[in-house]
Each structure stands twice: as structure tokens, then as C-alpha cells.
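Here is the structure we will look at.
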Amino acid sequence: MKTLIPPRLLCLSAWLLLASPALAAPTLSAARIDDLQGLEQRLEQSAFAAVRERALGQAERLAGGNASDRWARALYLQLAASAEARLDDPLAAAGHLATARGVAGVDPDQADRWLRQEAGLRLRGEQPARAQALLSEWFRRHDGTAEDRWLMARLLADEDDWDGAARWVNRALEADGDPGAARARLAASVLQRAGDDSQALALIERRLERADGDADTWRRAAALAQRLGDAGRAAAIWEAGWRRGVLSGRDDLHQRIRLHLAGDTPARAAELLSAALEAQTLPDDLANRRLLARAWQAARDHEQALAAWRSVAERSGEGADWMRLGELAHGWGAWEIAGEALRKARDSGEQEAEAWLSSLPEPASGRQEGGVETGDSAG
């Protein structure tokens with residue numbers, strides 16, 4: 001089973017601190033009250049083992065008694081659970097609470113409080129499925145706090161029940177619209193896995209202003225925007241992260257360029273890549289030269305694009321690159337460049353180059369070549 005959050009980290013302290021005994025009806029004798037309060041005080045003095053032994057002994061002695069005895073027994077079991085929890089035995093503590101809430105005559109509200117506490121202890125004891133079942137039972141009678149709802153979402157996420165977890169995330173967000181970083185990450189992960197990328201991205205974007213030093217949050221937001229098909233939004237997120245200094249280094253720069261190219265700002269991609277190649281921030285290799293040529297071509301900067309593809313073809317010597325330059329020049333009416341490139345492509349074995357060459361217009365004096373007066377040129 002995949003674990004989204006380590007079980008030990010799912011347990012919230014509020015679920016582990018058991019309430020002190022509620023001295024309520026049925027009426028208890030003064031001696032019994034004194035004994036219970038004395039054990040409570042010994043808990044505060046860290047006499048955990050002694051309290052456990054005394055409380056369990058009293059609970060066993062009172063089994064099968066009258067209503068007052070049964071109520072006292074339940075309170076002794078609660079004290080034993082408190083001691084076990086502090087002795088780092090959450091499953092023993094959970095067992096005592098389960099017994100306590102099963103005692104005949106225990107007030108339903110009190111039994112529910114113990115049920116919720118037991119769920120937290122089962123989780124601490126690495127019994128998430130049991131904790132989930134208990135908490136589900138508790139939620140049938142209670143709305144719960146935002147903390148309770150976040151806990152339920154975590155439990156379901158731990159079981160890879162992403163649709164169920166997403167429902168509880170949404171319920172938690174109703175009560176906690178501005179969750180902390182850990183809960184926001186949980187919510188985004190759950191919503192994303194449940195297929196709600198849009199809401200996941202909205203959550204992450206709300207956290208970006210507070211995530212100046214968390215590069216992974218910025219990367220994740222950009223990746224989600226890409227998944228949603230909004231390349232421009234992805235580029236804008238990445239650019240903002242770069243300008244804040246959160247994203248940096250060669251890999252992040254390369255991704256910055258690629259996102260601008262994909263996000264309808266190819267001229268910006270070309271400018272960034274040109275500067276990076278000139279400064280040797282990125283390697284001046286064929287892959288980056290091809291990327292630069294693609295960027296200028298996407299930006300429809302004829303002069304820069306043709307020069308960039310020529311540079312690629314001259315470096316690689318590959319017929320396919322000469323063919324690409326020839327086709328591009330042909331489409332833009334740069335006949336002289338097209339003819340030169342297509343002939344080199346043909347000579348390199350690109351068979352379709354011949355057909356392209358045959359479609360070139362006859363050379364004429366004074367023709368505009370790619371927007372520049374060229375005079376006579378070869379066909």
C-alpha cells in the first residue's frame with residue numbers, strides 16, 4: 001500500500017491528549033471521587049505506570065457492579081488509557097477507551113468523545129483502517145472541526161481512496177479556507193490524484209506568495225498549469241519564480257526557455273537562449289542551437305530564424321537540417337536561400353529536395369530576397 005503521509009505524522013496532538021475524568025452522574029461516593037482525582041494528580045506528576053496499574057485494578061474490581069460502579073469503572077479505564085498513551089502504548093490506550101465506551105449506561109456524548117480519541121490512538125498505533133472506521137462512525141453523528149475533517153482526508157489518502165479523500169478535503173476547506181503549508185500540500189496532492197487539477201492549481205497558486213524559498217511548489221504549480229493545457233500560465237508562474245530567485249541554475253533556465261516557447265512567447269524564449277549561449281550559461285551545442293532556431297521560427301522573425309537554421313545545418317552537415325532551412329526559406333519567399341539549402345539537402349540524399357527545387361521561381365533581376373533587394377540570384 002502506498003503511503004502519502006507517514007502514519008506517525010498523521011496523528012494530531014489534540015487527538016492524543018485524553019480529557020481528565022468527567023465526574024458526572026451516576027453519583028459517585030466521595031471516596032471514589034477522591035481516588036479518581038488522586039490518580040489524575042499522579043498522572044500530572046508523571047507516575048504513569050503506577051496510575052495504569054491502580055486504574056486497571058479498580059476497573060476490574062468494579063466490573064459487573066451497579067450503575068455507579070459501572071460509571072466509575074469507565075472513568076478508571078479512561079485514566080488507564082491516559083497513562084498508556086503517555087507510556088507510548090497507543091493501542092493499549094485505544095483498547096481501554098473501547099472498553100470504556102462499551103460500558104453499559106455510559107452517556108452517548110461521552111462515549112462519542114472516547115470514540116474520537118480512540119480513532120486518534122489507533123492511527124498513532126499504525127492502525128489507519130481501524131481509525132478510519134471509527135472516525136467514519138463518529139462523523140455520522142457530528143460535523144467535526146476542520147482538524148477532524150483534515151484527519152479524515154489524510155486517512156483516506158493513506159488508503160489511496162482519492163475520491164473519498166477529495167470529498168473530505170473539500171469539507172475541510174469549507175471550514176479552513178486558508179490551510180497551512182502541510183495541509184495545502186495534502187489538499188493539492190489529493191485533488192490532483194482525484195483528477196481535479198484546476199482546484200489543485202488554485203490551491204498551490206494561493207500558496208506561492210508564501211513559498212518564496214520552496215522551489216518545488218513553484219515547479220509543481222507550473223507543471224499543473226501545463227497539464228491543464230495553459231502553457232502561458234505555466235510560463236508566467238515559472239518566470240515569477242525565476243525573478244524571485246526561487247528557481248535558478250542551468251536546468252531551471254532551460255525549462256524557463258522551453259515554457260516561454262510553449263507558452264506563446266517564443267521571442268522571449270529566443271532572447272533568453274541567445275543570451276545564455278553568449279554568456280556560456282548553457283552549452284553551445286546542436287540541441288540548444290536547434291532550440292534557438294525553433295524559437296525564432298515560432299516568433300516568425302524571418303531573418304533570425306533563417307540565420308539560426310543555417311547555423312544548425314552548417315554545424316550538423318545533415319541533409320534533414322538543410323531541408324528544413326530550404327522549406328522554411330521557400331515558405332517565406334527567400335528564394336536564394338531556399339535554392340542553396342535545397343541543393344545541399346539534395347546532395348546529402350534528401351530525395352524530396354528535387355521537387356522543392358523544381359517549384360522555385362526563375363531568377364529575376366531585382367527580386368526581393370526575403371525582404372532584402374538581392375539582384376540576380378541562382379535558381
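Any read-out appearing in this document is the output of simple, stated calculations on the displayed coordinates, not a laboratory observation. Worth saying up front: this structure is predicted, and the values here are computed from it rather than measured. FYI the Cβ positions are ideal-geometry reconstructions off the backbone, even for glycines, and counts take in every protein chain you see.
Looking at (1) over 15 Å from the mean Cα position of the chain (by Cα); (2) among the charged types (D, E, K, R); (3) closer than 18 Å to residue 142 by Cβ, which one does residue 154 not meet, given that it meets all the others?
(1)
Taking the criterion of being part of a helix (DSSP H, G or I) and not charged (D, E, K, R), would at least one residue in segment 278-285 satisfy it? I'd like the intermediate steps shown before the answer.
Taking segment 278-285 as the starting set, the residues that turn out to be part of a helix (DSSP H, G or I) are 278.
Restricting the remaining residues to those that are not charged (D, E, K, R) gives none.
Checking segment 278-285: not a single residue is part of a helix (DSSP H, G or I) and not charged (D, E, K, R).
Read through the list (1) touching a residue at least 40 places away in the same chain (Cβ under 8 Å); (2) not in a helix (DSSP H, G or I), then give the number of the only condition that residue 336 fails.
Failing condition for residue 336: (2).
If residue 294 satisfies every condition in (1) surrounded by fewer than 19 Cβ atoms within 10 Å (Cβ to Cβ); (2) closer than 19 Å to residue 338 by Cβ; (3) of a type in the set (Lys, Arg) but one, which is the exception?
Going through the list (1) surrounded by fewer than 19 Cβ atoms within 10 Å (Cβ to Cβ); (2) closer than 19 Å to residue 338 by Cβ; (3) of a type in the set (Lys, Arg), residue 294 breaks only (1).
Hey, can you tell me all the residues within segment 190-203 that are buried (at least 24 other Cβ atoms within 10 Å of the Cβ) and farther than 17 Å from residue 150 by Cβ?
201
Just the residues that are more than 13 Å from the chain's Cα centre (by Cα) and surrounded by 19 or more Cβ atoms within 10 Å (Cβ to Cβ), please, taken from segment 167-189.
Selection gives 168, 169, 171, 172, 173, 179.
Looking for something part of a helix (DSSP H, G or I) and on the phi > 0 side of the Ramachandran plot - is there at least one such residue anywhere in segment 267-275?
Going through segment 267-275, the residues part of a helix (DSSP H, G or I) turn out to be 267-275.
Now narrow it down to the ones that are on the phi > 0 side of the Ramachandran plot: none.
There is no residue in segment 267-275 that is part of a helix (DSSP H, G or I) and on the phi > 0 side of the Ramachandran plot.
Restricting to segment 232-288, what's the tally of residues that are over 29 Å from the mean Cα position of the chain (by Cα) and among the hydroxyl-bearing types (Ser, Thr, Tyr)?
2
Can you pull out every residue in segment 133-170 that is more than 21 Å from residue 113 (Cβ to Cβ) and of a type in the set (D, E, K, R)?
158, 159, 160, 161, 163, 167
Looking at 141, 116, 207 in this structure, which one is among the charged types (D, E, K, R), in a helix (DSSP H, G or I) and more than 13 Å from the chain's Cα centre (by Cα)?
Going through 141, 116, 207 in turn, the sole match is 116.
Return yes or no: is residue 320 of a type outside the set (Lys, Arg) and either within 15 Å of residue 290 (Cβ to Cβ) or touching a Phe, Trp or Tyr at 6+ places or on another chain (Cβ under 6 Å) (or both)? It would help to see each step written out before you state the result.
Working: of a type outside the set (Lys, Arg): yes; either within 15 Å of residue 290 (Cβ to Cβ) or touching a Phe, Trp or Tyr at 6+ places or on another chain (Cβ under 6 Å) (or both): yes.
Answer is yes for this residue.
Can you work out which of the residues in segment 99-109 that are part of a helix (DSSP H, G or I) and over 19 Å from residue 83 (Cβ atoms) is nearest to the chain's Cα centre (by Cα)?
So, considering only residues that are part of a helix (DSSP H, G or I) and over 19 Å from residue 83 (Cβ atoms), the one nearest to the chain's Cα centre (by Cα) is 109.
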